[in-house]
Amino acid sequence: MSARTERPRPVRAPDADAEAEFHAFFERHYAELARLAHLLTGEADGADDLAADALLALWHRWDRVRAADHPAAYARGVVANMARSRIRSAVRERRRITLFWSGRDEGVADPDVPAVVDVREALRALPFRKRACVVLRHAFDLSEKDTAQALGVSVGTVKSQTSKGMAELQRRLGPHPALARVRAVVADTGRST
């Protein structure tokens, strides 16, 4: 049997306008995308890597991205999809580790104030779509339409998932007004990346 080899694709030289546009896009949106990655994954260390990976993917499809009606929304969607993939991968890995080290405790020391810890834990407990809707709507102040576009779902889905996510956060966080707490803490948490 002979192994089938793939021919390398010819590399075309990017035009100067595309490079300049991408560089400007990168400078304008990198910090926002890293903050979004941090809030979606809960991992400050991996947020920069995820944002960089997303921007690399965007560069490879730059012709499509620059032709999009809302390139920033397209970028948020790429970050959200990559975050979802990383979360799923991490969950699978944690399950494998748990099976292997079933007797060990996982403890993480977090120097943040109790309110930040509470909100982070409550956000992590939400299913991905609810978490993404809450974060995009309340931490990034995106409209329902922009959130729907970033996640590739309908506006109705954004409305229902945001409402259900906020109700679940309210139940988890107790009698305090969850919306104000989530907005303040999530916004503050995201700026520390």
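Of these, Ser89, Ser102, which one is at pLDDT 65 or above and of a type in the set (Ser, Thr, Tyr)?
Within the list Ser89, Ser102, the selection yields Ser89.
So which residues in the stretch 30-70 are open to solvent by 30 Å² or more (accessible area, probe 1.4 Å), of a type outside the set (D, E, K, R) and assigned to a helix (DSSP H, G or I)?
If the condition is that a residue be open to solvent by 30 Å² or more (accessible area, probe 1.4 Å), of a type outside the set (D, E, K, R) and assigned to a helix (DSSP H, G or I), then Tyr30, Ala31, Ala44, Ala52, Leu56, Trp59, His60, Ala67 are the ones that fit.
Read through the list (1) over 21 Å from Met82 (Cβ atoms); (2) at pLDDT below 90; (3) not small (Gly, Ala, Ser), then give the number of the only condition that Phe140 fails.
Evaluating Phe140 over (1) over 21 Å from Met82 (Cβ atoms); (2) at pLDDT below 90; (3) not small (Gly, Ala, Ser) leaves (1) as the failure.
Quick one: in the stretch 148-175, which of the residues that are at pLDDT 90 or above and polar (S, T, N, Q) is surrounded by the fewest Cβ atoms within 10 Å (Cβ to Cβ)?
Filtering the stretch 148-175 for residues that are at pLDDT 90 or above and polar (S, T, N, Q), the one surrounded by the fewest Cβ atoms within 10 Å (Cβ to Cβ) comes out as Ser154.
Ala75 versus (1) within 19 Å of Ala148 (Cα to Cα); (2) at pLDDT below 90; (3) not β-branched (Val, Ile, Thr): which is the lone unmet condition?
Failed condition: (2).
The values are calculated or read from the model by the stated rules, or taken from the named source; none is laboratory data. Note that this is a predicted model, so its numbers are computed, not measured. Note: ideal-geometry Cβ built from the backbone for every residue, glycine included; neighbour counts use all protein chains shown. These accessible areas exclude ligands, DNA and RNA; they are computed on the full protein's heavy atoms, side chains included. Shrake-Rupley method; radii C 1.70, N 1.55, O 1.52, S 1.80 Å.
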